[in-house]
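Student: To start, I am sharing the structure in question, which I have written as structure tokens.
Read-outs throughout are calculated quantities, based only on the coordinates presented, and are distinct from any laboratory measurement. These numbers were taken from a predicted model, which means no experiment stands behind them. Cβ coordinates were reconstructed from backbone atoms using ideal geometry, including for glycine residues, and neighbour counts include every protein chain displayed.
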Amino acid sequence: MNTGDAPVYVSLPAKRSLENRYAIYADRIELLCRLPFVTKTLVIKRDELVSIETYKPPVIRTSLFALKLDLADLFEHVGLVRKNGLFKQLRFTPKNPREFVEKVKELWDIA
């Protein structure tokens, strides 16, 4: 992971994302989560990604065990499944979820 490379797409912080920042790079997705007193960046590498789709709220309609990084229960959101990690399913709300998913699929050539 090269810290000097620039993101291909960035979803800027917004109220619906609880001021989190989500970015797509050529080889990974970075989910910068700001919690009280803690800032954590989750990195999903290209080869760890199983699937990515948009979903309508609430999250419980489609997954009982997904980790919600923001207000995904209230807005259309991105659902991501990865191979590794304690929580294999992540749900988050970029500013434009459909555009975020389309960009990942286009960049990483996912059908």
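Student: Would you compute, from DSSP H runs of 4+ residues alone, the mean residue ellipticity of the chain at 222 nm, taking -39500 (n - 2.57) per run and dividing by the full residue count, rounded to the nearest 500?
Tutor: Rounded to the nearest 500, the figure is -3500 deg cm²/dmol.
Student: So, one more: What whole number of Å gives the distance from the Cα centroid of segment 1-48 to the Cα centroid of segment 53-111?
Tutor: Segment 53-111 and segment 1-48 have Cα centres spaced 13 Å from each other.
Student: Next up: Sort 47, 109 by Cβ crowding within 10 Å, fewest neighbours at the top.
Tutor: Ordered from fewest to most neighbouring Cβ atoms within 10 Å, 47, 109 come out as 109, 47.
Student: Right, another one. Bins of 5 Å, beginning at zero and ending with the bin holding the largest distance: percent of Cα pairs per bin for the chain, please.
Tutor: 2, 12, 24, 27, 22, 10, 2, 0
Student: Work through the residues other than residue 47 whose Cβ is under 11 Å from its Cβ and net out their charges, Lys, Arg +1 and Asp, Glu -1.
Tutor: +3
Student: Moving on to the next point. What aspartates and glutamates could a cross-link reach from residue 68, if we take a straight Cα to Cα line under 13 Å and drop same-chain neighbours fewer than 8 places away?
Tutor: Here the aspartates and glutamates satisfying the reach criterion relative to residue 68 are 76.
Student: Right, here's the next one. Just 101, 78, 43 to compare: in a GNM of the chain, with alpha carbon springs under 10 Å, which one fluctuates most?
Tutor: Most flexible of the set in this elastic network: 43.
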